[in-house]
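Below is one structure, written out as structure tokens; comments come after it.
A short reminder: the numbers here are calculations on the coordinates, not readings from a lab. Just so it is clear, the structure is predicted and the values come from calculations on it, not from any experiment. We place every Cβ from the backbone using ideal geometry, glycine too, and count neighbours over all the protein chains shown.
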Amino acid sequence: MTASPAESPSETAVPTSGVSRRGLLGLAGAALGGLALGGAGGAITASAVAATDTNTQYPFFGEHQSGIVTPTQDRLHFAAYDITPGTTRADLIALLEDWTAAADRLTRGLDVSETGAVGGPALAPPDDTGEAQGLPASGLTLTFGFGPGVFTDAHGNDRFGLASRRPAELVDLPTFAGDALEEASSGGDLCIQACANDPQVAVHAIRNLSRIAFGRASIRWSQLGFGRTSSTSKAQVTERNLFGFKDGTANITAEETDVVNKDVWVGGNSWLAGGSILVARKIRMIIETWDRTSLDEQEHVMGRTKGTGSPLSGGDEFTPVRFNHAGPDGRKLAMDSHVALAHPDHNHGARLLRRGYNYVDGNDQLGRLNAGLFFLAFQADPRTAFIPIQKQLGHSDLLNEYIRHVGSAIFAVPPGAKPGEHIGAGIFG
């Protein structure tokens, strides 16, 4: 696949290998009570089909992993994993092989194995949990990443012989001004991003991949997301975040092939070439404070109008921002507004490809809505993209009064796998 819209729907089944015997034993032995489903409880058990075509299929195998420049689906289940102590290099490879075989089937709308949810022995646990039976592929994409802990653990130990393979781009994120990070929503050795147009399909994928990992990796934290807040294709309209504003108007889109090749895909000849770096940030919105703020102040903070999404300097949503230029109502864009500080002109041209989602995790002990934005950004190198942008936002952004960054993680996302290979095979040399 290329970085262009060639990452398009496909109905063609891709040949697949089976899940290993250990992977199937993991399915049988996993305790479902150990899965963290992002705090949504039973709210996700009903299938809520998005307006997009649920029969869409995106092939798992290809030059790049799907789920990056793929048109952003409506639903997300993101999971970060810790590798179980005692897991060997051979165990890790076997896990990636099992995940690859299962992911290929899941993205084609199939159970994780040929035996599936109902085809096995009556006295043994099924291979597949079965809640997605009868549902189409729903545009499911599964995107895998490696955290810093794959290369060395927290004590600096090279547990898999991969320390020398850590890419320079996979840096430890610094502490940013205003961070209020919670360990329960941060870090991870491995990650899986499941995006789909049906929440049940996305959750089913993470649930079964987690069962396959039993004994080798377990969920550290996970997040459910809904109502995408960014578009990765010019064919998609810009959606709104929970503050009611259009989000990600200037997002990189798949059609900008040259920009994607430069700013999203890692270049060079390393094992990560053709892959990307994913930064995940959980951003809680102080909803109650925002809801008591005047419309004029909200627009001043964001730098855009709430209705159309146009910059305060005038025009429509996609009109380029004009600094120090008064709009039709006489207002100018504040230089400490969110739009101004995040603008490429103030960040040496840096741009990100975003796949953000809204989230609501119930309420806190004070009765306030525990909700916000689950921010996902892909880039070739966070040292020249996310990090400098976030440093600037952290110090001066007017929006900081209304948000808190409570979760953070970074992952190296390898290029796509070829049929017959497992995801991330290049990392092992």
- Sparse-neighbourhood loop sites, trypsin sites (Lys or Arg not before Pro) in segment 353-424 - DSSP loop, at most 14 other Cβ within 10 angstrom: ARG368, ARG383
- Message: What three numbers, in Å, describe the spread of the alpha carbons of the chain along their principal axes, ordered from the longest?
- Response: 72, 45, 43
- Query: Amide H neighbours of THR229 under 5 Å, counting only residues 5+ apart in sequence or on other chains, H built in-plane at 1.01 Å?
  - Reply: GLY356, TYR357, ASN358
- Would you work out which of HIS77, GLY130, ALA385 lies farthest towards the positive end of the dipole of segment 75-427, given +1 charges on the beta-carbon of Lys and Arg and -1 on that of Asp and Glu, about the Cα centre? ALA385
- Item | For THR56, distant residues with modelled amide H under 5 Å away | SER138, GLY139
- Counting Lys +1, Arg +1, Asp -1, Glu -1, what net charge surrounds SER113 among other residues with beta carbon under 9 Å of its beta carbon? -3
- Item | Global form of segment 389-429, assessed from the alpha-carbon gyration tensor, a/c cut-off 1.5 | prolate
- Listing ILE389, ILE93 by rising number of other beta-carbon atoms within 10 angstrom, fewest first, gives ILE93, ILE389
- Query: Which ³J(HN,Hα) values in Hz, rounded to whole numbers, follow from the phi angles of segment 218-232 under the Karplus curve 6.51 cos²θ - 1.76 cosθ + 1.60, where θ = phi - 60° and Gly and Pro get x?
  - Reply: 9, 5, 8, 7, 8, 9, 8, x, 9, x, 2, 10, 8, 10, 10
- Query: Charges only on Cβ, +1 for Lys and Arg, -1 for Asp and Glu: so what's the dipole of segment 115-272 about the Cα centre, in debye to the nearest 20?
  - Reply: 200
